[in-house]
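The structure appears below as structure tokens.
The values are calculated or read from the model by the stated rules, or taken from the named source; none is laboratory data. Keep in mind it's a predicted model, so treat the numbers as computed, not measured. Counting neighbours? That spans all protein chains shown, and the Cβs are built from the backbone with ideal geometry, glycine included.
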Number of protein chains: 4
Amino acid sequence: MVGFIGLGRMGRPMASNLCRKGFRLVVNDVNPAAVQELESLQARAAADAAEVAGQSGIIVTMLPNSAVVREVVAGPGGILANAEPGSLVMDMSTVSPETTDELAAAARERGIGFVDAPVGRLASHADRGESLFMVGASEADFARVKPLLEGMGSTIYHCGPVGSGTRTKLVNNYLAVTSCQLNAEALGLSQRLGLDLERTLEVLYGTTAVNGQLKIAWPNKVLAGDIEPGFTIDLAHKDLTLVSEAAHAARVPMPILAAAREAFSTARARGFGTKDFSAMVDALCDLAGIEKPRLRR
Amino acid sequence: MVGFIGLGRMGRPMASNLCRKGFRLVVNDVNPAAVQELESLQARAAADAAEVAGQSGIIVTMLPNSAVVREVVAGPGGILANAEPGSLVMDMSTVSPETTDELAAAARERGIGFVDAPVGRLASHADRGESLFMVGASEADFARVKPLLEGMGSTIYHCGPVGSGTRTKLVNNYLAVTSCQLNAEALGLSQRLGLDLERTLEVLYGTTAVNGQLKIAWPNKVLAGDIEPGFTIDLAHKDLTLVSEAAHAARVPMPILAAAREAFSTARARGFGTKDFSAMVDALCDLAGIEKPRLRR
Amino acid sequence: MVGFIGLGRMGRPMASNLCRKGFRLVVNDVNPAAVQELESLQARAAADAAEVAGQSGIIVTMLPNSAVVREVVAGPGGILANAEPGSLVMDMSTVSPETTDELAAAARERGIGFVDAPVGRLASHADRGESLFMVGASEADFARVKPLLEGMGSTIYHCGPVGSGTRTKLVNNYLAVTSCQLNAEALGLSQRLGLDLERTLEVLYGTTAVNGQLKIAWPNKVLAGDIEPGFTIDLAHKDLTLVSEAAHAARVPMPILAAAREAFSTARARGFGTKDFSAMVDALCDLAGIEKPRLRR
Amino acid sequence: MVGFIGLGRMGRPMASNLCRKGFRLVVNDVNPAAVQELESLQARAAADAAEVAGQSGIIVTMLPNSAVVREVVAGPGGILANAEPGSLVMDMSTVSPETTDELAAAARERGIGFVDAPVGRLASHADRGESLFMVGASEADFARVKPLLEGMGSTIYHCGPVGSGTRTKLVNNYLAVTSCQLNAEALGLSQRLGLDLERTLEVLYGTTAVNGQLKIAWPNKVLAGDIEPGFTIDLAHKDLTLVSEAAHAARVPMPILAAAREAFSTARARGFGTKDFSAMVDALCDLAGIEKPRLRR
């Protein structure tokens, strides 16, 4: 039996897909309507987390935030207090790495497995069983939850040991979310400068601006340890200065531009000016005492 | 005859490619070695910009910055003072939009055409004749310079009237350059969190984090006028808060994150919290009194 | 009897000063040495928070963070569970406003008073009984704790009802702490520009740069509702642009400058450019839907 | 005879005060009304800058920006081309240090003295002859212009050799202008948190928040080389985190806070966490390879 606690906008379609694919579920949620919907798909309703835990070999949690997850998993009357040794908790909520680490440690103490598997993509993907999962788990635990994950999504990444899923999601969502403000500034400036939107996008789609430095350029430059300049940090800084002048003249607030320009200024002050602009990651790692990222060959 | 002034790291291979493809060039540069290299390809050397201008129907400039371009094009003894009415200046340098506008106006007064065609991609692309050009020109002028551009590059975008090339390059380079700091922060955090670089990149390459919101998600969301939430600004802000907590705990300085988080906070304060996160561009345009970007249908 | 829980770097001298001024204390801390020090001043040692609470009319807490305060005040075996109705808890720790509000509500439910009175100034001031306190309390509760506060400090501000002390401290420390980075950027730039430190400070000490806009200029300008320009936001923005150019030329990273310049750009985009530069606060309040600050006359 | 070029909002009252105090002036401005006003005070009107230069031992310029100053001082038909060797130009405009340095060098070549003396304080101070001047000049040149400066203002700082006035003004205005946004964020947050404005200001006026770390605390801490902690950077960072949480919960955009918090995070990553919070200036100087500021004893 698979336990499933948390039937919100994401949890409900995920649990539903499991039911449809033949898994037997015992579910719980604060919202009776959501529970009834799952009951109509042959899931069994449990009165609380304790009851779910007592009946399940694997218990999935999909809850709104770190505090609720802590309460449901590790609180009195929660999962860990009621699950059998040898069972496994898979938390799919978006929580802090610290929360994941604490719960995994608490589970380990009780002989219970723990997997963090937060969800990428949108609710509409969850509806269609096309979610992406970033999974932190031992090899054995990953093998154990894989069929379940395949029942809910179409892309599954095993990111490393417990805690890696949550951490990878942070890095991933940082890029995806911050891109929105970056794009907002670029298009805001473009509009104010009177450029044609269609033509501008056509150009952006054809360059590394959108195709992604990280995917196309970096693996053969800084991530391979090559920071000889294709385009120097000094020249990149000069470009940002031109953009900054244009933006201020046009009264387009571009806070990301401003922050990025200071970062390039810092890199120049620290001797990276003549290196390739992908070496911005070396500049940051050098600054903060972090090991530089290099691909294994 | 085609004039070419400015034979630096970019100008030299561009001019060389024109010679190899059969164009007859008259060239000038402060560096005699560069001039000799072009002479060996049958280009004629001129003593100064005035002499180049006097002998050419189209004069190309590829110079280091706005001040030098102004001097060479509009200064005493410069191109405009010596070129024939009906000739055309194509500036391919990276300059401010203001510079382009002033020079285009000065050229117009003298009955001389003007095109701005700054270069995308790197010097190594220029070597191979694979540059990308963003061109601002009237239709007639664009037709006139197109053969030359095809002699130097492989991708040519006509961005709109004079001044559009320079402006598009600003927007394009803003995205490309700032992406480096964004990626630097993401990978710096990833390293500090102990994630495996190869596995992390595999995930990032498979999501919109790198594929680009702008290309994949936005045309059917905000740019089509649809800001109903797939993923809300409120949730995106919550994610940035989790990243911020993790980054500060790990002592990874992430200035772009910090600036982006304030932008999301601003958007929320202005009532965009429940909209799709692509509506960050609407929030910015609303803030600054800019027309919202919408694709023609 | 006065209870005192938390005898760290701040709590110890505060409690000691109370003892010396004749208050009878019952104290508790995790560090036995600290407790012994207080015992040598005639304080009584209690085994735990419960015992302190049971013996005291007023219980003071001075603890390291929100989580510990919650545990000691509202946890099982904590103060609220063991104090008499009619007693009063005064939390002097630096905690989040949310924590203060929750604890005050929990105390109210049990008929126990609550005061938040975080500490300004440094540990060395606490040693000398010269602390500053920002107090959130009803008039009656304030009267009740005032003698204690006068036993520990020399400057006591009654900021408003419960919760006001914590909130005022946030605002106060925001200014004090952020000033350090602002000063760091100013002096870093000054050094790089080769200015004489003594002479530069002499100038800064003689202008509103350091004397403080907020104290000298603002009460008669924006806070009095007068935003007619003495010095416009447009001119202030122009000055920041000059500073930015100088800083980037000199490779001095100035992230506060960069963020401030975008804020001025935003204010200009929203029509505040011709107003007095003190109207930056109106621009921010307008942006975020906050009531503009105006002094009562 | 004293030349005065530039009779705008600042120049007019400054020149008028000189006339009233008995100096004989020859003036020029693009605005005839301003010239007539000075003529009514017995100043002589000159047709252009050349005529002013030819008749004056000292020529004062008070012009709107770097470009105009360059034109009037060093352009063809400008001051340097027409002034006698041994005369002196005093530029009081707000310009870039680079402009000052170039003009001073050009003046030197022609045997003409040069002083930069930009103005602090507001137009209303200029009206009353209460301006503040930051002067860059040799000792001899300073002695020569001092009577003039005393005729126009009440506070005169000799900041060092030529160029020091302009540079000191940049540093000074950076602090004064950025303080506005800092104060805006503090009061915006205060308003949103529901604090009483009068009481909050009373507290802020009583602490180092407004009195100024730079004047009160720093000379005996970091500027004296003492970075042993009164209040550590780690604790200051913790405070900024509390403020950040409160601001984001309250939806108050605080970009300076965000940038400052990253700067503290950087300082912590580089090992300054346990130092006094005034050591933020050491952290920045260390980062950028700038000599640390220390007062002479």
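Only one of these conditions is not met by A:Gln213: (1) free of Cβ contacts under 8 Å to residues at least 60 places away in the same chain; (2) of a type outside the set (Val, Ile, Thr); (3) in contact with a Cys (Cβ under 8 Å, 6 or more places away or on another chain). Which number is it?
So the condition that A:Gln213 fails would be (1).
Considering (1) over 28 Å from C:His237 (Cβ atoms); (2) among the small types (Gly, Ala, Ser); (3) surrounded by 18 or more Cβ atoms within 10 Å (Cβ to Cβ), say which one D:Gly163 fails and leave the rest.
(1)
Going through D:Arg294, D:Arg261 one at a time, which residue ends up being buried (at least 24 other Cβ atoms within 10 Å of the Cβ) and either over 13 Å from B:Ser244 (Cβ atoms) or assigned by TED's automatic domain parsing to the domain that holds D:Ile227 (or both)?
Values: D:Arg294 fails: buried (at least 24 other Cβ atoms within 10 Å of the Cβ).
Sole residue among the options that is buried (at least 24 other Cβ atoms within 10 Å of the Cβ) and either over 13 Å from B:Ser244 (Cβ atoms) or assigned by TED's automatic domain parsing to the domain that holds D:Ile227 (or both): D:Arg261.
Go through region D:210-249 and give me each residue that's assigned to a helix (DSSP H, G or I) and either within 16 Å of C:Leu201 (Cα to Cα) or more than 9 Å from every other protein chain (Cβ to nearest Cβ) (or both).
D:Asn211, D:Gln213, D:Leu214, D:Lys215, D:Ile216, D:Trp218, D:Pro219, D:Asn220, D:Val222, D:Leu223, D:Ala224, D:Asp234
Has region C:262-281 got at least one residue that is in contact with a Pro (Cβ under 8 Å, 6 or more places away or on another chain), within 28 Å of D:Val281 (Cα to Cα), of a type in the set (Gly, Ala, Ser) and free of Cβ contacts under 8 Å to residues at least 24 places away in the same chain?
The answer is yes, given that some residue of region C:262-281 is in contact with a Pro (Cβ under 8 Å, 6 or more places away or on another chain), within 28 Å of D:Val281 (Cα to Cα), of a type in the set (Gly, Ala, Ser) and free of Cβ contacts under 8 Å to residues at least 24 places away in the same chain.
Here are the criteria: (1) surrounded by fewer than 17 Cβ atoms within 10 Å (Cβ to Cβ); (2) farther than 30 Å from B:Lys221 by Cβ. Tell me which single one A:Pro64 does not satisfy.
(2)
Quick test for you: out of B:Val89, B:Val73, B:Val27, B:Val69, pick the one residue that is touching a Ser or Thr at 6+ places or on another chain (Cβ under 6 Å) and among the β-branched types (Val, Ile, Thr). Don't jump to the end; show me each part of the working.
Working: B:Val89 fails: touching a Ser or Thr at 6+ places or on another chain (Cβ under 6 Å); B:Val73 fails: touching a Ser or Thr at 6+ places or on another chain (Cβ under 6 Å); B:Val27 fails: touching a Ser or Thr at 6+ places or on another chain (Cβ under 6 Å).
Answer to the check: B:Val69.
For region B:186-209, give me the residue count where each residue is surrounded by fewer than 23 Cβ atoms within 10 Å (Cβ to Cβ), part of a loop (DSSP other than H, G, I, E, B) and of a type outside the set (Val, Ile, Thr).
Residues meeting the conditions: 3.
Report yes if D:Asp234 is in contact with a helix residue (DSSP H, G or I) (Cβ under 8 Å, 6 or more places away or on another chain) and surrounded by 22 or more Cβ atoms within 10 Å (Cβ to Cβ), otherwise no.
Numbers: in contact with a helix residue (DSSP H, G or I) (Cβ under 8 Å, 6 or more places away or on another chain): yes; surrounded by 22 or more Cβ atoms within 10 Å (Cβ to Cβ): no.
When the stated conditions are applied, D:Asp234 does not pass them.
All but one of (1) within 14 Å of chain B (Cβ to nearest Cβ); (2) closer than 20 Å to B:Asp196 by Cβ; (3) β-branched (Val, Ile, Thr) hold for A:Val115, so report the exception by its number.
Of the numbered conditions (1) within 14 Å of chain B (Cβ to nearest Cβ); (2) closer than 20 Å to B:Asp196 by Cβ; (3) β-branched (Val, Ile, Thr), the odd one out for A:Val115 is (1).
If you check D:Arg70 against the conditions, is it assigned by TED's automatic domain parsing to the domain that holds D:Met134 and closer than 20 Å to C:Ala246 by Cβ?
Values: assigned by TED's automatic domain parsing to the domain that holds D:Met134: yes; closer than 20 Å to C:Ala246 by Cβ: yes.
So D:Arg70 passes the test.
When you go through A:Ser96, A:Ser124, A:Ser131 one by one, which is the residue that is of a type in the set (Ser, Thr, Tyr) and over 15 Å from the mean Cα position of the chain (by Cα)?
Values: A:Ser96 fails: over 15 Å from the mean Cα position of the chain (by Cα); A:Ser131 fails: over 15 Å from the mean Cα position of the chain (by Cα).
One residue alone meets the criteria, A:Ser124.
One line per residue, one yes/no per condition, for (1) among the hydroxyl-bearing types (Ser, Thr, Tyr); (2) closer than 27 Å to C:Ala81 by Cβ:
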| position | (1), (2) |
| --- | --- |
| C:Ser96 | yes, yes |
| C:Ala107 | no, yes |
| C:Val115 | no, yes |
| C:Ser124 | yes, no |
| C:Ala140 | no, yes |
| C:Arg144 | no, yes |
| C:Thr155 | yes, no |
| C:Cys159 | no, no |
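Here is a yes/no grid of residues against (1) farther than 23 Å from D:Glu71 by Cβ; (2) modelled with pLDDT under 95; (3) touching a Pro at 6+ places or on another chain (Cβ under 9 Å):
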{"site": "D:Asp101", "(1), (2), (3)": "no, no, no"}
{"site": "D:Ala105", "(1), (2), (3)": "no, no, no"}
{"site": "D:Arg108", "(1), (2), (3)": "no, no, no"}
{"site": "D:Ile112", "(1), (2), (3)": "no, no, yes"}
{"site": "D:Ala117", "(1), (2), (3)": "no, no, no"}
{"site": "D:Arg128", "(1), (2), (3)": "yes, no, yes"}
{"site": "D:Ser138", "(1), (2), (3)": "yes, no, yes"}
{"site": "D:Lys146", "(1), (2), (3)": "yes, no, no"}
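Residues that are in contact with a Gly (Cβ under 7 Å, 6 or more places away or on another chain), outside any strand (DSSP E or B) and surrounded by fewer than 22 Cβ atoms within 10 Å (Cβ to Cβ): does region D:30-47 have at least one? Working first, answer last.
Let us first name the residues in region D:30-47 that are in contact with a Gly (Cβ under 7 Å, 6 or more places away or on another chain), namely none.
The answer is no, given that none of the residues of region D:30-47 is in contact with a Gly (Cβ under 7 Å, 6 or more places away or on another chain), outside any strand (DSSP E or B) and surrounded by fewer than 22 Cβ atoms within 10 Å (Cβ to Cβ).
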